[in-house]
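S.K.: This structure is in structure tokens; I'll ask about it shortly.
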């Protein structure tokens, strides 16, 4: 009985995962997240994510209540965009509707804070507030904030001081804006799409040519002069623990379920125990498989240098996925899925991703394939074929894992 009770205890450190879609939500929960954060279709800092509606909150509750190994997962709603006067009535109605359906709201606008206080909803201060000192933290604590997501420009020593006053949440992995804690206006100036309204088109990720007032042009050695590498704290995660951080946050509401699954599993291990050097090395290889623009320590260990800027337009991921087809029939008694190959090809020994709106994400190796009850070693586009997949459903999507050079 004591062992059972111990397993139900809260983890010492909260691992907070992004949920930009149903599939990513399920992937985060199944991989071991203690909490998830998500946006609704309105007032989301990730407008390009699928996000959720008010009607989805009951389904989110079901997924999170079931949790991982029977331990419920907390739900945090992000309402951290800039808010205008004409939107106050709409957002007040929204906050009333989510009351009792989320564990906290992540915000920074004082109007949202006041509405949370009025409706007795716990609130956390978003990193958009750029809280970077003890006195600012004290101010928000007096307002009733339960937690502060600190500015991303802080080092470990600065974080440790503030963590003694109030629970702090810090990013441990994922993409970094060149302006670090947000407030970037480049997308707004160039394209009329505001990053502070969740619409950023990421012009910083492009390569640039330097041009003087006489028209002379220079292409710098690394032309991605505004594109920061992704944050990765795994190599010094123990130092973050010692800094008093309560919640370790993974960035990525626009990321695919396989990204969420991989990153959550890696950091779950790192938070549950102290990893050895070999374990860290192997875990970094896992992180390199999914979306990344190279890895940086951010501001935690000191001010970033030229080495902390990326040198690619897109991702350096060691793996990508290629769509194969969908499950058209499933036989639960024997665990066999019939798949129609819409594109590409699949051969015995390949690894596949199974993406589902009900089960989230799973990865497996193809051990055997059959066409019309005959074993085959390769399947081409246009064929129905059968493979063993546990807990599949009609409509589930099948992707082949492709290794990048």
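Readers should treat all values here as calculations from the given coordinates under stated rules, not as data from a laboratory. The shown structure was predicted, so the numbers you read here are calculated from the model rather than taken from an experiment. Note that we place each Cβ from the backbone using ideal geometry, even for glycine, and neighbour counts take in every protein chain shown.
S.K.: For the Cα atoms of the chain, what angle does the longest principal axis make with the long axis of helix 277-289, in degrees from 0 to 90, nearest 10?
M.R.: On a 0 to 90 degree scale, this one is about 80.
S.K.: Could you tell me what a quarter of the Cα convex hull surface of the chain works out to, in nm² with one decimal place?
M.R.: Details: hull surface 97.5 nm².
Mean projected area of the Cα convex hull: 24.4 nm².
S.K.: Turning to a different aspect of this structure: Going by a ≥ b ≥ c, the root eigenvalues of the Cα gyration tensor, does the range 120-177 fall in the rounded group (a/c under 1.5), the prolate group (a/b larger than b/c) or the oblate group? Walk me through the intermediate numbers first.
M.R.: Details: a/c = 1.95, a/b = 1.32, b/c = 1.48.
Because a/c hits 1.5 or more and a/b fails to exceed b/c, the range 120-177 counts as oblate.
S.K.: How would the range 319-403 be classified by its alpha-carbon gyration tensor: rounded, prolate or oblate, with rounded meaning a/c under 1.5 and the a/b versus b/c comparison settling the rest?
M.R.: Details: a/c = 1.42, a/b = 1.01, b/c = 1.40.
Rounded shape, in that the Cα axes give a/c under 1.5.
S.K.: Also, quick follow-up: Taking Cα atoms, how many degrees apart are the long axis of helix 57-66 and the longest axis of the chain, rounded to 10 and kept between 0 and 90?
M.R.: Helix 57-66 sits at roughly 70 degrees to that axis.
S.K.: Here is a follow-up. Could you state the angle between the C-alpha long axis of helix 88-98 and the longest principal axis of the C-alpha atoms of the chain, as a value from 0 to 90 degrees rounded to the nearest 10?
M.R.: Result, in degrees: 50.
S.K.: Let me ask something additional. Where is the GNM fluctuation largest for the chain (alpha-carbon springs, 10 angstrom cutoff): 340, 259, 291?
M.R.: Comparing 340, 259, 291 in the GNM, the peak value goes to 340.
S.K.: Let me ask something else about it. Note the full-extension length gain between residue 132 and residue 211 as 0.36 nm times their separation in residues minus their Cα-Cα distance, in nm to one decimal. Write out the running numbers ahead of the final one.
M.R.: On the way: separation 79, 0.36 × 79 = 28.44 nm, distance 3.53 nm.
Taking 0.36 nm per residue and subtracting the Cα distance, the gain is 24.9 nm.
S.K.: Before rounding to the nearest 500, sum -39500 (n - 2.57) across all DSSP H runs of length at least 4 in the chain and divide by the residue total; then give [θ] at 222 nm in deg cm²/dmol. If you can, show how the numbers build up before the last one.
M.R.: Values: 11 runs with 105 residues, N = 405.
It lands at -7500 deg cm²/dmol.
S.K.: Between residue 326 and residue 306, what is the FRET efficiency for a Förster distance of 41 Å, r being their Cβ-Cβ separation, to the nearest 0.05?
M.R.: Values: r = 46 Å, r/R0 = 1.11.
Efficiency, from the Cβ-Cβ distance: 0.35.
S.K.: Further, regarding this structure: Please give the contour-minus-distance gain from residue 85 to residue 281: 0.36 nm per residue of separation, less the Cα-Cα distance, rounded to one decimal in nm. Could the numbers behind the result be given before it?
M.R.: Working: separation 196, 0.36 × 196 = 70.56 nm, distance 5.03 nm.
Working it through step by step, the gained length comes to 65.5 nm.
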